[in-house]
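Report on the following structure.
The values are calculated or read from the model by the stated rules, or taken from the named source; none is laboratory data. Computed from a predicted structure; not experimentally measured. No Cβ is skipped: glycine too gets one built from the backbone with ideal geometry, and neighbour counts run over all protein chains shown. Areas reflect the complete protein model, heavy atoms only, side chains present, ligands, DNA and RNA absent. Shrake-Rupley method; radii C 1.70, N 1.55, O 1.52, S 1.80 Å.
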Amino acid sequence: AAYTSSLQSAQVDFTNPASISAPETLNVAGSTKVKGLEVDVTLVPVRGLTIGANYAFTDFGTRAVTNPFSNLVELLNISNTPRHAFSASFDYDFGTTAVGRPRLHLDADNVGGYFASAVPSTDPNKNARTWLINGRLSLSELPLLGENLEIAAWAKNLTNRTYQQTDFIVPTGAGNNFTAFYNEPRSYGVELRLRF
């Protein structure tokens, strides 16, 4: 899928030094072009195996805007939107066995750097590229327990990568404070599902 669009009078969050804890959302005049491309592919090469992949490209035309509180002219960015994003998944159904029906799922996400805020004076730096891998192994149709019970073990962020999710600058009377939030570390657990 390919698309192009024109964003009119975009809503932008500006930080007002008089009230730094409450950013103000204002409409900025003019239009901005946004275009992109998305590709989804699903393959089933053998029985029980499904491989999926997704790629998204987003092109955002930057333009100059004036911060109404500082009167600085800045190049408006697109927030929370990487230029390139890719994901892939792997699912395998082992079929019915003597101990039940095991299924394996793996997925990976690769996201390019992006701005957490559209306004450079609030967020001048892109977040770093991220790469996350998750997995899940489940067992259903257990003997003697019926088809409605499933046991699973899962893990998120298998490689225990740390990355910055969002950041912003808060101006103060003594200068600027830089605030950042990071992703959750590797986590894992066990699930028990009963369908009825």
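Some observations on this one:
- Any chance residue 195 is at pLDDT 90 or above, of a type in the set (Lys, Arg) and either surrounded by 15 or more Cβ atoms within 10 Å (Cβ to Cβ) or more than 30 Å from residue 67 (Cα to Cα) (or both): no
- Scanning the range 95-125 for residues that are assigned to a loop (DSSP other than H, G, I, E, B) and aliphatic (A, V, I, L, M) yields 98, 99, 116, 118, 119.
- Identity of the residue in the range 59-85, more than 23 Å from residue 2 (Cα to Cα) and open to solvent by less than 60 Å² (accessible area, probe 1.4 Å), that ends up nearest to the chain's Cα centre (by Cα): 76
- Residues located in the range 27-58, provided they are open to solvent by less than 60 Å² (accessible area, probe 1.4 Å) and over 30 Å from residue 95 (Cα atoms): 28, 30, 31, 32, 34, 36, 56, 57, 58
- Number of residues in the range 129-141 that are within 30 Å of residue 81 (Cβ to Cβ) and either assigned to a strand (DSSP E or B) or open to solvent by less than 60 Å² (accessible area, probe 1.4 Å) (or both) equals 7.
- The single condition among (1) free of Cβ contacts under 8 Å to residues at least 40 places away in the same chain; (2) in a strand (DSSP E or B); (3) open to solvent by 90 Å² or more (accessible area, probe 1.4 Å); (4) more than 30 Å from residue 60 (Cα to Cα) that residue 144 does not meet is (2).
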